[in-house]
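**Student:** Dropping a structure here in structure tokens format, bear with me for questions.
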Amino acid sequence: MEKIKILGIAGSLRKNSFNRALLNAAVELSPANAEIDIFDISEIPPFNQDLETDPPAIVAEFKKRIRASDAVLFVTPEYNYSIPGVLKNAIDWASRPYGDSAWEGKPAAIMGASMGNIATARAQYDLRKIMVFLDMHPLNRPEVMVGNAHEKFDQNGRLTDETTREIVKKQLDELVKWARRLKAEHENGR
């Protein structure tokens, strides 16, 4: 059976962020029937509608990689009760110009890590709202919200908390099933 290609996107630019570490853990823990390709959004410039029909090369590559994937994995911190501006910027670029969104129909999963107790709940729900407009298909369960992240990763950024590792594995397994189901429905004309 063909592997499910998942495009992983970290919403944090900080090199040693817990969310980048969580995305790396997802790569490590991904099921044998899937592969996660990470796209670094740090070089995407601020969105400029004047350039949307002839976007910068990094944006064209980003859209190409989204389209080549079977599913998307967003790993996002929470800034000021929402998603980081850099993540929203990347999402905006890939959705434009109108009628040429790379996101349309893509299955997606969301996870996030934070030093706070409620982790990234608000950011994840805001991202779900954005996915409604983008016509994406977010996985509902399990949710992965890693609170108190500083206690769950070692000094090298490796996810050491076994409970969290298990929920990450479970979400990735479910994302693969979800992507296969949606792909089959699409192929059968539903």
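**Student:** Using DSSP to define loop residues, name the chymotrypsin sites (Phe, Trp or Tyr not before Pro) in the range 1-81 whose beta-carbon has at most 16 other beta-carbon atoms within 10 Å.
**Tutor:** On the way: sites: F18, F39, F47, F62, F74, Y79, Y81; in loops: F47, Y81.
Answer in residue order: Y81.
**Student:** Where in the range 1-32 is the amide nitrogen less than 20 Å from a point lying 7 Å along the Cα-to-Cβ axis of D40?
**Tutor:** Under cut-off, by backbone N: 6-28.
**Student:** Over the range 19-156, what is the percentage of antiparallel beta bridges among all DSSP beta bridges, to the nearest 5? Can you show the working numbers first?
**Tutor:** On the way: 1 of 10 bridges.
If we restrict to bridges inside the range 19-156, about 10 percent are antiparallel.
**Student:** Note down the nm distance, to one decimal, between modelled labels 7 Å out along Cα→Cβ at A184 and at N148.
**Tutor:** Between A184 and N148, the simple spin-label model gives 4.0 nm.
**Student:** Loop-only GluC sites (Glu not before Pro) in the range 1-83, please: DSSP not H, G, I, E or B, and at most 13 other Cβ atoms within 10 Å. Could you put the intermediate results ahead of the total?
**Tutor:** On the way: sites: E2, E28, E35, E43, E52, E61, E78; in loops: E2, E52, E78.
Passing both the DSSP loop test and the Cβ count: E2.
**Student:** Are there GluC sites (Glu not before Pro) in the range 100-190 that DSSP marks as loop and that have at most 10 other Cβ atoms within 10 Å, and which are they?
**Tutor:** Working: sites: E104, E143, E151, E162, E166, E174, E185, E187; in loops: E104, E143.
In loop regions of the range 100-190 (DSSP not H, G, I, E or B), there are no sparsely surrounded GluC sites (Glu not before Pro).
**Student:** What FRET efficiency would be calculated for the residue pair D54, E104, taking the C-beta separation as r and a Förster radius of 22 Å, to the nearest 0.05? Don't skip to the end; give the middle numbers.
**Tutor:** Values: r = 21 Å, r/R0 = 0.94.
After rounding, the FRET efficiency stands at 0.60.
**Student:** Once the piece of chain linking R122 and R158 is laid out straight, how much longer is it, given 0.36 nm per residue of separation minus the C-alpha distance between them?
**Tutor:** Working: separation 36, 0.36 × 36 = 12.96 nm, distance 2.48 nm.
Contour length minus the Cα-Cα distance gives 10.5 nm.
**Student:** Follow-up question, since we're still on this one. What per residue convex hull volume, in Å³, do the alpha-carbon atoms of the chain yield? Mind showing how you got there, number by number?
**Tutor:** Values: hull volume 21.6 nm³, N = 190.
Given the Cα convex hull of the chain, per-residue volume reads 114 Å³.
**Student:** Follow-up question, since we're still on this one. Could you calculate the contour length gain from K3 to K170, that is, 0.36 nm times the residue separation minus the distance between their Cα atoms, to one decimal place in nm?
**Tutor:** On the way: separation 167, 0.36 × 167 = 60.12 nm, distance 1.69 nm.
This chain segment gains 58.4 nm when fully extended.
**Student:** Output the pairs from K63/K177; K3/K170; K5/K177; K88/K177 with a Cα-Cα distance over 20 Å in this structure; if there are none, say none. It would help to have the intermediate numbers written out before the result.
**Tutor:** Values: K63/K177 24 Å; K3/K170 17 Å; K5/K177 12 Å; K88/K177 27 Å.
Those over the limit are K63/K177; K88/K177.
**Student:** Another question about this same structure. Round to the nearest 0.05 the FRET efficiency obtained for N33 and K64 when R0 = 35 Å and r is the Cβ-Cβ distance. Please report the intermediate quantities before stating the final value.
**Tutor:** Working: r = 23 Å, r/R0 = 0.67.
Step by step, r from the Cβ atoms, then E = 0.90.
Only the coordinates and a few stated rules stand behind these numbers; no lab work does. Computed from a prediction, not measured in an experiment: that's the story for all the values here. Reconstructed Cβ throughout: ideal geometry from the backbone, glycine too, with neighbour counts over all protein chains shown.
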